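Structure, as C-alpha cells:
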Amino acid sequence: MRKLFFGLMGEDVKKLQLKLQERGYAQFQPTTFFGVKTHQALRKFQANHFLPATGVFGETEASLLGLKDPTPKSEIFFNTAMSFVGKDVTPRDVINDEVACMETIDTIHYTAFGEYINGKQITVSTMKALPILLNSPKWKRVYKPEKGAILLYPTGYGNGNLSNGHIFVCDGRGGLYSNSSATGIFERNYSDSTAKHRYETIGGFPPYYFKLI
C-alpha cells in the first residue's frame with residue numbers, strides 16, 4: 001500500500017480504518033477519508049507498538065497490520081531467475097542446450113510457481129510460446145524491457161538470416177539473461193542493444209515483451 005496520512009482519500013484508507021477497528025483502535029464508521037479520527041487511532045496504534053506516533057501510515061505499520069502488499073509475481077519470477085545465474089537450469093534436458101532457451105524460461109516459471117506457463121506441460125518452442133503468452137490471462141504484453149519481463153523473439157517470425165529466435169529475462173537495467181547455447185548455463189549474455197542488433201536488425205524478428213500480472 002501507499003503511504004497514507006491526514007487528508008488523503010481512497011479505498012486503501014478504508015482498509016486501514018477497518019484494520020484499526022478490528023484491533024480495537026477505532027470505533028467510528030469506516031469511510032474513504034483519512035480524517036482526525038483515523039489520525040488519532042493510527043497514532044494510538046503506533047504508540048502501543050513503540051513506533052513514532054506520527055499518524056503517518058508506512059511500511060512498518062502495513063506489516064504490523066497485515067496490509068503489506070503481496071510480492072508481485074513478476075518480482076518472484078525475476079528473483080527466481082537470478083537464483084539460477086551461473087547454473088544449468090535444465091540439467092535433464094528435454095531438448096539440447098543449443099535450442100533450450102524456452103525450456104529454461106519455463107523451468108524457472110515452474111520453480112517459482114509450481115506450474116508451467118501453459119499449465120501442466122512444458123513449452124520448449126519459442127514459436128509455440130507466442131500464442132500461449134498472447135492469450136494467457138496471467139501475462140500481459142508490455143512494450144519495453146521492464147524488470148522481470150521476458151523478451152521473446154519467436155522462431156519462424158524472422159527474415160531467414162537467423163535459424164532460431166530466442167527468449168530472455170529482462171533486468172530493467174539493460175541486461176538480458178538466458179541460457180547459453182554453448183554451455184547451457186543461465187547468464188547475462190546480451191544487453192538490450194546487442195539483442196536488438198542481432199535479432200531485430202540482422203534476424204528481422206519482432207520483439208515481444210511480456211510480464212506476469
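Is it the case that residue 181 is assigned to a loop (DSSP other than H, G, I, E, B), within 25 Å of residue 79 (Cβ to Cβ) and in the same structural domain as residue 128 (by TED's automatic domain parsing)?
Yes.
Within the stretch 33-55, is there a residue that is surrounded by 15 or more Cβ atoms within 10 Å (Cβ to Cβ), among the hydroxyl-bearing types (Ser, Thr, Tyr), touching a helix residue (DSSP H, G or I) at 6+ places or on another chain (Cβ under 9 Å) and not assigned by TED's automatic domain parsing to the domain that holds residue 176?
Looking through the stretch 33-55, at least one residue is surrounded by 15 or more Cβ atoms within 10 Å (Cβ to Cβ), among the hydroxyl-bearing types (Ser, Thr, Tyr), touching a helix residue (DSSP H, G or I) at 6+ places or on another chain (Cβ under 9 Å) and not assigned by TED's automatic domain parsing to the domain that holds residue 176.
Against the conditions (1) hydroxyl-bearing (Ser, Thr, Tyr); (2) part of a loop (DSSP other than H, G, I, E, B); (3) within 25 Å of residue 26 (Cα to Cα), where does residue 60 fall short? Just the number, please.
(2)
Among the residues in the stretch 147-163, are any surrounded by 21 or more Cβ atoms within 10 Å (Cβ to Cβ), of a type in the set (Phe, Trp, Tyr) and under 23 Å from the mean Cα position of the chain (by Cα)?
Yes, because at least one residue in the stretch 147-163 is surrounded by 21 or more Cβ atoms within 10 Å (Cβ to Cβ), of a type in the set (Phe, Trp, Tyr) and under 23 Å from the mean Cα position of the chain (by Cα).
Considering only residues that are among the small types (Gly, Ala, Ser) and farther than 22 Å from residue 203 by Cα, which ones fall in the stretch 137-162?
148
Residues 198, 188: which one is in a strand (DSSP E or B) and surrounded by 13 or more Cβ atoms within 10 Å (Cβ to Cβ)?
188
Which of the following residues is in contact (Cβ under 8 Å) with a residue 12 or more places away in the chain and of a type in the set (Lys, Arg): 147, 120, 196?
Only one candidate passes the filter, namely 147.
Can you tell me which residues in the stretch 59-82 are in contact (Cβ under 8 Å) with a residue 12 or more places away in the chain, among the small types (Gly, Ala, Ser) and surrounded by fewer than 15 Cβ atoms within 10 Å (Cβ to Cβ)?
Once the filter is applied, which keeps residues that are in contact (Cβ under 8 Å) with a residue 12 or more places away in the chain, among the small types (Gly, Ala, Ser) and surrounded by fewer than 15 Cβ atoms within 10 Å (Cβ to Cβ), the stretch 59-82 yields only 66.
In the stretch 105-117, is there at least one residue being closer than 19 Å to residue 176 by Cβ, touching a residue at least 40 places away in the same chain (Cβ under 8 Å), in the same structural domain as residue 187 (by TED's automatic domain parsing) and buried (at least 20 other Cβ atoms within 10 Å of the Cβ)?
yes
Looking at the stretch 1-51, which of the residues that are among the β-branched types (Val, Ile, Thr) and not in a loop (DSSP other than H, G, I, E, B) is nearest to residue 62 (Cα to Cα)?
If we take residues in the stretch 1-51 being among the β-branched types (Val, Ile, Thr) and not in a loop (DSSP other than H, G, I, E, B), then 13 is nearest to residue 62 (Cα to Cα).
The values are calculated or read from the model by the stated rules, or taken from the named source; none is laboratory data. Everything numeric here is computed off the predicted structure, so don't read it as measured data. Cβ coordinates were reconstructed from backbone atoms using ideal geometry, including for glycine residues, and neighbour counts include every protein chain displayed.
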